[in-house]
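What follows is a single structure, written as structure tokens, with notes after it.
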Amino acid sequence: MKMHGIAFGLLLGTQLALAPGMSLAQPAATLTYAQPLEREAVTKVQEALRRAGAYDGAVDGIWGPASRTALERFQQGRGLQVTGEMNQATAATLGVNPAQLLLASRTPPASTEVLSEQVVRNIQTRLRTLGFYEGGIDGLWGPATQTAIERFQQSRSLQVTGQLTPVTASAMGLDPNNLEAPPR
């Protein structure tokens with residue numbers, strides 16, 4: 001199953017909560033893990049952007065810089081929050097039925113998963129190896145891990161959200177479908 005760069009965060013996203021046993025002294029934080037849309041769903045978004053006059057690129061189901069720029073231009077022109085990512089407000093304004101995107105992506109609606117300590121350790125280890133994390137490899141998502149994700153995203157010209165998206169995980173060298181796997 002080939003996934004593409006646009007994510008539908010609010011409908012296809014998986015909320016990842018902190019691992020059980022996290023110290024109450026640490027501020028509560030959640031990560032949003034947004035699943036990328038498959039080619040058919042990206043094609044639907046590109047077609048809608050074209051109908052809206054915001055996109056003149058190829059309707060090929062590949063989410064690239066021209067598609068993202070068109071989505072940002074559309075969001076800005078309609079007074080929406082400019083994120084370059086699909087969300088409920090953007091889909092509604094585009095006239096795209098979120099159910100069509102879900103059906104096209106054959107991905108179940110959002111579910112809640114807990115980030116295991118092993119996954120957080122893997123993320124912390126990878127961020128340390130890349131020079132973005134100096135904290136302990138303790139498997140607890142805290143402010144230092146959050147800041148490291150944000151710094152990493154900024155260094156790679158990714159949207160700085162502090163969210164662990166498939167794009168961020170891939171850029172870190174992690175398998176977005178198996179965050180416990182060793183880096184590629």
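The values are calculated or read from the model by the stated rules, or taken from the named source; none is laboratory data. What you see is a predicted model, and the numbers here were worked out from it, not measured in a lab. Every residue, glycine among them, receives a Cβ derived from its backbone with ideal geometry; neighbour counts consider all protein chains shown. Note: accessible area is taken over every heavy atom of the protein model, side chains too, but ligands, DNA and RNA are not part of it. Shrake-Rupley method; radii C 1.70, N 1.55, O 1.52, S 1.80 Å.
Quick grid of which residues meet (1) closer than 29 Å to Q81 by Cβ; (2) not charged (D, E, K, R):
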position	(1), (2)
E117	no, no
R121	no, no
Q124	no, yes
L127	yes, yes
L140	no, yes
A144	yes, yes
T147	yes, yes
V167	yes, yes
- Task: Confirm whether G135 is at positive phi, in contact with a helix residue (DSSP H, G or I) (Cβ under 8 Å, 6 or more places away or on another chain) and either of a type in the set (A, V, I, L, M, F, W, C) or outside any helix (DSSP H, G or I) (or both).
- Result: no
- Message: Restricting to the stretch 131-153, give me the number of residues that are within 17 Å of the chain's Cα centre (by Cα), surrounded by fewer than 19 Cβ atoms within 10 Å (Cβ to Cβ) and at pLDDT 90 or above.
- Response: 1
- Yes or no: N87 at pLDDT 80 or above, polar (S, T, N, Q) and surrounded by 17 or more Cβ atoms within 10 Å (Cβ to Cβ)? no
- Message: Kindly evaluate E72 against the criterion of being open to solvent by 10 Å² or more (accessible area, probe 1.4 Å), modelled with pLDDT of 50 or more, among the acidic types (D, E) and under 22 Å from Q146 (Cα atoms).
- Response: no
- Pairs under 9 Å by beta carbon, first residue β-branched (V, I, T) in the stretch 60-87, partner exposed (fewer than 14 other Cβ atoms within 10 Å of the Cβ), six or more apart or different chains? V82/Q76
- Odd one out for T125 among (1) open to solvent by less than 50 Å² (accessible area, probe 1.4 Å); (2) out of contact with any Leu (no Cβ under 8 Å at 6 or more places or on another chain); (3) of a type outside the set (A, V, I, L, M, F, W, C); (4) at pLDDT 85 or above: (1)
- Task: Mind counting the residues in the stretch 150-162 that are within 19 Å of E134 (Cα to Cα) and in contact with a Ser or Thr (Cβ under 9 Å, 6 or more places away or on another chain)?
- Result: 5
